[in-house]
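Student: Here it is: the structure, laid out below.
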Amino acid sequence: MGSREVRLPSAASQSTVESYVSRMASKLPAHFAFATLMPWSSPQRPEKVVTPDSAPEGHWDAEEIASVASECTNLLVPCTFETRYEKRTMKKLLELLEPYESCCVFLLQLLEVTGEMSREYVTTVMARHDALLAVGANAVVLDPSDNADHLRQILDQERAWFEANAKRANSMVVCNDDYFQRVLEYHHELLWESVPKSLMPKFDPIDRNLVETANRVGDFQLTNRFKTRNGNVLLASKCQPDEAVIKVYDKSDHVSAGDLECIYREIRFLRDVLRHPNIVRCTHMLHSFSRVYLCLEFGGMPNLHRRLLDQPGYRLDLEDAVECTMQIAGALAYCHSRDVVHRQVSLEHIILEDQSHKPFCRLVDFHQATHCPELTPSSTQCGELPCIAPEVALDESYLAKPADCWSLGVVLLEAAGGLGSMRQAVGWPEEAELEPAARRIKSFFSTSGSHARALAVMGGVRSEAVLDTLSALLTVEPTARATMAAITQSSA
């Protein structure tokens, strides 16, 4: 399945939105303003109307949004909501409006068909309405009136209803602390005891006698503590000189069934399913009332990102870079043969252990890993720049195995060419958002000679062997990428 370009709303949809705004903007009082999810089609737009500044990226001017939110108490967003682009742009707008609690956001769902509507179109409208409700605005108004007074009456009712519910909820929190405490206790029992007991037979029950102190968990003596992207990690020892790593999941930070499922999959994969020398194993888990501990083999202290920071030119020797990549390729080929995908292959999730001047690498952190047969699409957005595959960053349906392959290609590029090679070659700012960066990446690697330019951008590195692997993995079309099995066979 190929990655797809961002699909913008149709011209008919944009015309419907702009026509409504043009009719209504001048009829409403000063404390009402409008926002559209597409840039205005002509150079002149009505007053009190804010729009994103570029259609493909959906960026908003934060200062303009702040000015409108501080002056207006009602922001109306007419839309048809026919594409994912509108959903993403709307979410960005709501994020900018979070500090302005007095500004209510109303989504106005416009209909593109007048008169009698087909059953198919009604189904489409209701699906879009459900998507609008899920965005998180104050209210959604279906087929809003063209009569300004009628529209104001509806919006005043919606605002009053929302504020009354907010006050009621706050009153319940203040007056019913004991009740909510019981609810929290029931939720904890359901999530961490009842569900695992019924559906997760390999999830160890709570050990209410487990020792937890500042320097000890169970039989493990804790010697160091450091943070990772997915929680705290403890360096520990059970019997000297053997060391272990304990990954800590605080239950207060993991409160959904999805969170529990991720932890359970990680335990099952690393303890019971995957056995490979280049994958760190979970030896067992510890389970207290407030935390889950994964006890992992110690595979070395530095991850690949930290190792590159300490190297001249921020890169490994070419031989070591290729060796590390091929070791992880072997681990991923093993996973993929069992339909397990990692989905977060990155420099931070590869740890190194020096063995007689030769690096030995292991893949860690299977928190987002899942079982995914060959042609099964995935939609969960996992990973970060620079290693995330462009089709994943664009928040579209994707194939997970090719996405792992792209990520390993970036690992090779950064290890051989130098830390930051991808960003410097493609040219995105340090605080870039995923979607615009992904479009830049796709455009860059669609041109001839891009892999050689990326490899040489930091230190003039040239290697035909590395380029062959980069060309096979960093291919924009996911179905054209080399598989992990093919990469490992080519290096044999």
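Student: Once you order the gyration tensor axes a ≥ b ≥ c over the Cα atoms, which shape class does segment 232-387 get: rounded for a/c under 1.5, otherwise prolate or oblate by comparing a/b with b/c?
Tutor: Oblate shape, in that a/c is at least 1.5 and b/c is the bigger or equal ratio.
Student: Considering only protein heavy atoms, what is the solvent-accessible area of Arg307 at a probe of 1.4 Å, reported in Å² to the nearest 10?
Tutor: Around 40 Å² of this residue is reachable by solvent.
Student: Quantify, in whole percent, the carbon and sulfur part of the accessible surface of the chain (1.4 Å probe; protein heavy atoms only). Present the calculation step by step, with values, prior to reporting the outcome.
Tutor: Values: 12070 of 23950 Å².
Of all accessible area on the chain, carbon and sulfur atoms account for 50 percent.
Student: On a 1.4 Å probe surface of the protein chains, which of Glu261, Glu86 comes out largest in accessible area, and what is the full order?
Tutor: In descending accessible area the options line up as Glu261, Glu86.
Student: Could I have the simple spin-label model distance between Thr479 and Asn232, label points 7 Å from Cα toward Cβ, reported in nm to one decimal?
Tutor: It is 4.8 nm.
Student: Mind checking the dipole of the chain: about its Cα centre, +1 per Lys or Arg Cβ, -1 per Asp or Glu Cβ, Debye to the nearest 20? Intermediate values should be presented prior to the final figure.
Tutor: Values: 49 positive and 66 negative charges, 153 e Å.
Computed about the Cα centre, the dipole is about 740 debye.
Student: So, one more: Suppose R0 equals 45 Å. What FRET efficiency, 1/(1 + (r/R0)^6) with r the Cβ-Cβ distance, do Glu464 and Asp146 give to the nearest 0.05?
Tutor: Plugging the Cβ-Cβ distance into 1/(1 + (r/R0)^6) gives 0.10.
Student: Pop the C-beta distance of Glu95 and Glu185 into the FRET formula with R0 = 35 Å and round what comes out to the nearest 0.05. Before the final figure, lay out each step's value.
Tutor: Values: r = 33 Å, r/R0 = 0.94.
After rounding to 0.05, the efficiency reads 0.60.
Student: Sticking with this structure for a sec: Please give the contour-minus-distance gain from Asp272 to Leu199: 0.36 nm per residue of separation, less the Cα-Cα distance, rounded to one decimal in nm. Let's see the in-between values first.
Tutor: Numbers: separation 73, 0.36 × 73 = 26.28 nm, distance 1.64 nm.
Full extension from Asp272 to Leu199 adds 24.6 nm.
Student: Cross-link partners among aspartates and glutamates for Lys358, C-alpha distance below 18 Å, same-chain residues fewer than 8 apart left out?
Tutor: Those aspartates and glutamates meeting the cut-off are Asp310, Asp317, Glu319, Asp320, Glu323.
Student: Hey, if we sort Leu37, Leu375 by accessible area with the 1.4 Å probe, largest down, what's the order?
Tutor: I get Leu375, Leu37, largest accessible area first.
Student: With each pseudo-label sitting 7 Å past Cα toward Cβ, what's the Thr123-Thr73 distance in nm, one decimal?
Tutor: For the pair Thr123/Thr73, the computed spacing is 4.3 nm.
Student: Next question. For segment 242-260 and segment 351-402, what is the separation of their Cα centres, given in Å?
Tutor: The distance from the Cα centre of segment 242-260 to that of segment 351-402 comes to 20 Å.
Student: Let me ask you something else. So how far, in whole Å, is the C-alpha centre of segment 274-307 from the one of segment 441-492?
Tutor: Here the two parts' Cα centres lie 31 Å apart.
Student: Which of the peptides 308-319, 462-473 is most tightly packed, and how do the rest follow, judged by the mean count of other Cβ atoms within 10 Å per residue?
Tutor: Order by mean packing, descending: 462-473, 308-319.
Student: Here is a further query. Tell me, what is the FRET efficiency for Glu433 and Asn209 to the nearest 0.05, using R0 = 41 angstrom and their Cβ-Cβ distance as r?
Tutor: 0.30
Student: Going by the alpha-carbon gyration tensor, a ≥ b ≥ c the square roots of its eigenvalues, is segment 402-479 rounded (a/c under 1.5) or, if a/c is not under 1.5, prolate (a/b greater than b/c) versus oblate?
Tutor: Since a/c reaches 1.5 but b/c is at least a/b, the shape of segment 402-479 is classed as oblate.
Student: Now, a different point. Which whole-number value in Å² is the accessible area per residue of segment 378-492, probe 1.4 Å?
Tutor: Working: 4250 Å² over 115 residues.
Averaged over the residues of segment 378-492, the accessible area is 37 Å².
Student: Length gain on complete extension for the stretch Ser256 to Leu375, per 0.36 nm per residue less the alpha carbon to alpha carbon distance?
Tutor: On the way: separation 119, 0.36 × 119 = 42.84 nm, distance 2.79 nm.
Computed gain between Ser256 and Leu375 is 40.1 nm.
Student: I've got another one for you. Normalised by the empirical 2.2 N^0.38 Å for globular proteins, what value does the Cα Rg of segment 294-336 take?
Tutor: Working it through for segment 294-336, the quotient is 1.37.
Student: Here's a follow-up. Report the label-to-label distance for Ser471 and Arg216 in nanometres (one decimal), using points 7 Å from each Cα along the Cα→Cβ vector.
Tutor: Inter-label distance under the simple model: 6.1 nm.
Student: Lys/Arg Cβ at +1, Asp/Glu Cβ at -1, dipole of the chain taken about the Cα centre: which of Thr283, Ser463, Ala369 is farthest positive-ward?
Tutor: Toward the positive end, the furthest listed residue is Thr283.
Student: Using packing as a proxy for protection, rank 454-460, 327-333 so that the peptide with the highest average count of other Cβ atoms within 10 Å comes first.
Tutor: Values: 454-460: 18.0, 327-333: 24.4.
Per-residue Cβ counts within 10 Å, averaged per peptide and sorted highest first, yield 327-333, 454-460.
Student: How much length would be gained if the chain were fully extended between His357 and Ser448, taking 0.36 nm per residue of separation minus their Cα-Cα distance, in nm to one decimal?
Tutor: 29.1 nm
Student: When Rg/Rh (Cα atoms, Kirkwood Rh) is calculated directly from the model, which label among (i) 1.13; (ii) 0.97; (iii) 1.02 fits?
Tutor: The listed entry that was calculated here is (iii).
Student: Pairs Lys87/Lys401; Lys87/Lys247; Lys91/Lys167; Lys27/Lys87; Lys92/Lys167: which are spaced more than 29 Å apart, C-alpha to C-alpha?
Tutor: Flagged as over cut-off: Lys87/Lys247.
Student: Where a Cα-Cα gap under 22 Å defines reach, which lysines qualify for Lys251, not counting those fewer than 8 residues away within the same chain?
Tutor: Within reach: Lys197, Lys202, Lys227.
Student: I've got another one for you. Taking a probe of 1.4 angstrom, what is the accessible area of Met301 in Å², to the nearest 10?
Tutor: Solvent-accessible area, nearest 10 Å²: 90 Å².
Student: Can you order the peptides 337-348, 185-196, 64-75 by their average number of other Cβ atoms within 10 Å per residue, highest first?
Tutor: Highest-to-lowest ranking by the protection proxy: 337-348, 64-75, 185-196.
The values are calculated or read from the model by the stated rules, or taken from the named source; none is laboratory data. The model shown is predicted, which means the values in this text are computed figures rather than measured ones. Cβ sites come from the backbone with ideal geometry, for glycine too, and all protein chains shown count toward neighbours. The protein model used for the area step is the full one, side chains on, heavy atoms only, and it has no ligands, DNA or RNA in it. Shrake-Rupley method; radii C 1.70, N 1.55, O 1.52, S 1.80 Å.
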